Every structure is written in structure tokens, then in C-alpha cells.
Amino acid sequence: MKSTVEHLNPTRVKLSVEVPFDELKPHFAKAYGALAGTVNIPGFRKGKVPARILDARLGRGTILSEVVNDAVPAKYGEAVAEANLTPLGQPEIEVTRIDDGDTLAFTAEVDVRPEIVLPAVDEISVVVDDVEVTEADIDEQVEALRDRFATITPVERAAADGDSVTIDLRAVVDGEELPDASTDGLTYKIGTGDLVDGLDEAITGLSAGETATFTTSLVAGDHSGEDAEVTVTLNGVSERALPEVDDDFAQLASEFDTVAEMRADLVERIQRVKNMTQGSQARDKVLEALLEATDIPAPAGIVESEYEARQHDAVHSFDHSEEQFNAYLEGEGQTREEFDAETRAASEEAVRTQLLLDALAEQQGVGVSQEEFTERIIYNAQRFGVSPDEYFKRLQEGNQLGAVIADVRRGKALANAVQLAKISDASGNTLNVAELFGVEEIEDEDEATAQDIEDGVIEGGVIEGASQDVTETDDAVVEEGVSAEQK
């Protein structure tokens, strides 16, 4: 076999391949064997028909077509390996010549991973924001605890801000009631603003049994972006009384005996969350610095595939209605042209990021163990609310297992880069990367922290990977007792 490579641009090549017929003998044998089992010819057992008889009965063209369909993908793979190329996506193959008994020739155009010259990661320096736990931060968490342990008492008066109310809602568009936007007996706290715009204003001042109607723009469902007439009926009002912050409250709301102990524990928890936030900022800035320092041409075909996938995902939640999606964008103060431009830019950035991290992983010799792969499967399954077995099955069916392995590999490469980079805060203090991601009692910082930092990188929202694989302080929340953890 003879093959040549023509570089059409930094990310696309054209392979020209010529295969002598002597090298096609295994493919002819396979083709004759497959076709012999499909025909019935008197005097011959099925599957035992000689090649010359098959040529005469089926025609030489049929035989050659079968051979070409089997041989071209195999020979394409050999040519790619011989040229040491890394294809991205599927090739465009054209058979240019079939000289029976002599030569099979074809061309293949395909996007390839470009040559990437990586910067010295240990020379990357980034500055992140200072971290400080203020009294206001602690007070905010204490107030969240007070709200959780508030007592609710029914009252006979008009509804006011902060009250808990029971309401019925009806939403109508063009005279038609929307079942998915209507409900009865809903409990709602006035002032949260987490249902529909205009609801708080409509409820405030109403007494039990009274009704108000207002117009609002729907943000979800089949009628997203459309104006709906909403009728709210107030069924009951309850007043929320917050407990006093004293030692009794500390014992009720936490594992501690005093308010001072409870607040001290909150300081530690908020600090950990803010450290994680600072770590996430460091991670993002290291990645951004690497991208800025590296020339990475993005293959047009891969960017286009990523762009189309993101567009599909965006419109999918609007029942694939372009009209509804455009109306939603208008309600958000954005034109479709602006959205398309942002999506294309994000697609190119995602592809460049994957290419960068793949190159880093290759440079570092990063591999993925079975244990690491299993951990990611379990982690992703939990995120999507399915069992690991079900998630694994879906990946198999979608031929996406390789994409998961690639994501793990990229995460490890970025974690290694974050450890090597120089990270300081705005005050000039050099930061310990392991501490940012909550790693404690480090025995061997060069080795013991790698997996922990990678976990922090992943759980912190790491990389916004491409949809299609190229080869995809308000966070402190008071939980039961007194616990602050990252959302």
C-alpha cells in the first residue's frame, strides 16, 4: 500500500491511498464467503459456491463493491497510523480508481488534531481573589438557620412580606388554561420571588378568600416567552416567627451548646466553601492562561458539530420550537443573532479546551485506571439521578464510553497543571493548591494530592467540555444541624 498526506490547513488533511490487489486477497476471500452464503445455485451446497461461479452469477461489479466496502475503512486506518495522525471526526472518503486485478485507489479528507506547542506549565502564574469570612457571612448563615426553625402560626389578616401563604394558581394564554402552570394548595413564602414575576406584588395585601389577576411572561413549558394571565386565590395566611439567637437556639439548631461555638463552627465551614470557590477560580484562571499562551487552531468541522449540538440542546427544552425559543430570548433581552454568536464562540472555546487538555495529558503520560473510570461513572450517574448500571448501559448504547475516559484523562491533566502553576491571592500570598480543594493530612504532596485535587476540579464544575468528544460565597448553605457545604 502507498499513501501520501496533503495538509489542506493546520487541522485538515487529505490522504491519497493506492492499494495493490495482492493486498486485497483477504478482503476478496471474506466477500466471496459472505456472498456464497446468500445465493442458491444448483449443484453447489450453500456457502460452497466457487468464486468463478459467483463472478458469473452475481457479476464482477457486485464482488468488487463488497471488497471495496470492507477494504477501504481498514486501509484508511492503516494509512492514518502510518502517517501518525490523530483524526477528529469521520473522514470524507472518495474511491477514485478501481483497476480490477491491479489497483484500488481512494482519497480521504478528515479533520486532525493540530500540532500544539505547549507552554511551560510551571511558569504559569495566576492571581485569585482574597478570601475572608466576615461577620456578615456568619450572620447570613445564622439567619438561614433561624428561618429553618421558624414557627408558623395562622393569622387572620392581610398577607405581608415574609408570610407563608397557601394559594391556588391559574394561568391562561389566549383563553386556554395551562395545566402545567396551574396548581391548588401551594404553600409559598412571600418575597422569595421564585415562582413567577408579579406574584409577590399580587399576593401582598390580599386576605383569605380574595383573588387577584396579573399578567406575566412564562419562562418554561410549551408557552415559554408568551404572556399569560395569572389568577391567584389566597386560601390562608400564616405568620413566621423567628427564634431568638441564644444558647437554647444553638442547642436546637446544631450540635453545639452555645451560640459562640455554633458561630465558630460556621466560620470553619464557610472558610472551606470559600476555599473551594477560590480553588475553582484558580482552576479556571490556569486553564484560561494556558489557552491564551497556546496557539490552538480549532478544526472547523468539529466546531460546527459542537455548535449544532448546543443549538439542538437549547431549542430542545422548547419542544424544538424556534418561535418559542426566540420569544424566550427576547424576554431575556437577547436577540437570536447574539445567542448564535455566543454559542459559536463557546463551541470554539470548548473544542480548543479539549485539544489543549488532550495535548497536556499526552505530554504528562496520563492514563485512566479502571477504578478512576468506575468512580466517574458513579459520580456522573448520581448527577443525572440514575443508577450506575443504567448510566453505563446508556453510554454503551450511545458508544460514549470513550468520551468518559477522555474526560477523566483531561480532568487529571488539568489537576496536574493546577498543581504546577504558581497561584497567589490579591494580597500576594502564595496559595497551597491542596488546601484550596480541602485536602488534609498530606503525606506526599506530589502524589497524594493529585487524585484529591482532580476530584475538587471535577466537583467544582471543572471544564465546560464540548458536547461531542473531540477524539464533552453564596454557595455556603446551612443544612440540618449546622452544616455548610457547596451546592
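The values are calculated or read from the model by the stated rules, or taken from the named source; none is laboratory data. On a predicted model such as this, the values are computed, not experimentally measured, just so you know. Backbone-built Cβ (ideal geometry, glycine too); neighbour counts: all protein chains shown.
Just a yes or no: is a residue in region 284-302 basic (Lys, Arg), under 20 Å from the mean Cα position of the chain (by Cα), surrounded by 20 or more Cβ atoms within 10 Å (Cβ to Cβ) and outside the structural domain of Asp227 (by TED's automatic domain parsing)?
Kept after step one, since they are basic (Lys, Arg), are these residues of region 284-302: 285.
If we keep only those that are under 20 Å from the mean Cα position of the chain (by Cα) too, we end up with 285.
Keeping just the survivors that are surrounded by 20 or more Cβ atoms within 10 Å (Cβ to Cβ) gives none.
No, that holds for no residue.
Considering every residue within region 256-275, establish whether at least one is part of a helix (DSSP H, G or I), in the same structural domain as Asn432 (by TED's automatic domain parsing) and among the polar types (S, T, N, Q).
Checked against the condition, which is being part of a helix (DSSP H, G or I), in the same structural domain as Asn432 (by TED's automatic domain parsing) and among the polar types (S, T, N, Q), region 256-275 yields at least one hit.
So the check is Cβ under 8 Å with 6+ separation or different chains; which pairs have a first residue in region 175-186 that's closer than 11 Å to Glu229 by Cβ and not assigned by TED's automatic domain parsing to the domain that holds Asp197 and a second one that's at pLDDT below 85 and β-branched (Val, Ile, Thr)?
Filtered contacts from region 175-186: no entries.
Output the number of the condition that Thr213 fails; it satisfies all remaining conditions of (1) surrounded by fewer than 14 Cβ atoms within 10 Å (Cβ to Cβ); (2) closer than 30 Å to Phe318 by Cα; (3) under 38 Å from the mean Cα position of the chain (by Cα).
(3)
Among the numbered criteria (1) out of contact with any Phe, Trp or Tyr (no Cβ under 8 Å at 6 or more places or on another chain); (2) at pLDDT 90 or above, which single criterion is violated by Leu178?
All conditions are met except number (2).
What do you reckon, is Ala361 of a type in the set (Gly, Ala, Ser) and either under 30 Å from Pro119 (Cβ atoms) or not in a helix (DSSP H, G or I) (or both)?
Criteria met by Ala361.
Among the numbered criteria (1) at positive phi; (2) touching an Asp or Glu at 6+ places or on another chain (Cβ under 6 Å); (3) of a type outside the set (Lys, Arg), which single criterion is violated by Gly365?
(2)
If you check Leu355, Leu436, which single one turns out to be crowded, with 19+ Cβ neighbours inside 10 Å and at pLDDT below 90? Walk me through how you get there before you give the answer.
Working: Leu355 fails: at pLDDT below 90.
The unique qualifying residue is Leu436.
Residues Leu35, Leu64: which one is within 50 Å of the chain's Cα centre (by Cα), modelled with pLDDT under 80 and part of a helix (DSSP H, G or I)?
Leu35
Is there a residue in region 257-280 that is at pLDDT 95 or above and of a type in the set (S, T, N, Q)?
yes
What are the residues in region 268-326 that are of a type in the set (Ser, Thr, Tyr) and more than 23 Å from Pro10 (Cα to Cα), if any?
Start the filter on region 268-326 by keeping residues that are of a type in the set (Ser, Thr, Tyr), which leaves 277, 280, 294, 305, 307, 317, 321.
Thr277, Ser280, Ser317, Ser321 - these are the residues of region 268-326 that are of a type in the set (Ser, Thr, Tyr) and more than 23 Å from Pro10 (Cα to Cα).
Does region 240-250 contain at least one residue that is of a type in the set (A, V, I, L, M), surrounded by fewer than 17 Cβ atoms within 10 Å (Cβ to Cβ) and assigned to a helix (DSSP H, G or I)?
No, because not a single residue in region 240-250 is of a type in the set (A, V, I, L, M), surrounded by fewer than 17 Cβ atoms within 10 Å (Cβ to Cβ) and assigned to a helix (DSSP H, G or I).
Which of the residues belonging to region 56-75 are surrounded by 15 or more Cβ atoms within 10 Å (Cβ to Cβ) and over 15 Å from Pro26 (Cα atoms)?
Leu58 - this is the single residue of region 56-75 that is surrounded by 15 or more Cβ atoms within 10 Å (Cβ to Cβ) and over 15 Å from Pro26 (Cα atoms).
Residue by residue through region 303-323, note down the ones that are acidic (Asp, Glu), in a helix (DSSP H, G or I) and surrounded by fewer than 22 Cβ atoms within 10 Å (Cβ to Cβ). It would help to see each step written out before you state the result.
Initially, region 303-323 is screened for residues acidic (Asp, Glu), giving 304, 306, 308, 313, 319, 322-323.
Okay, now just the ones that are also in a helix (DSSP H, G or I), so 304, 306, 308, 313, 322-323.
Matches in region 303-323: Glu304, Glu308, Asp313, Glu322, Glu323.
Leu85 fails exactly one of the following numbered conditions: (1) more than 16 Å from Asn9 (Cβ to Cβ); (2) surrounded by 12 or more Cβ atoms within 10 Å (Cβ to Cβ). What is the number of that condition?
(1)
Failed condition for Glu78, given (1) surrounded by 13 or more Cβ atoms within 10 Å (Cβ to Cβ); (2) closer than 21 Å to Pro297 by Cβ; (3) not aliphatic (A, V, I, L, M), with all others met?
Status for Glu78: all satisfied but (2).
Out of Gln364, Gln382, Gln400, which single residue is over 18 Å from the mean Cα position of the chain (by Cα), surrounded by fewer than 17 Cβ atoms within 10 Å (Cβ to Cβ) and assigned by TED's automatic domain parsing to the domain that holds Val418?
Unique residue meeting the criteria: Gln364.
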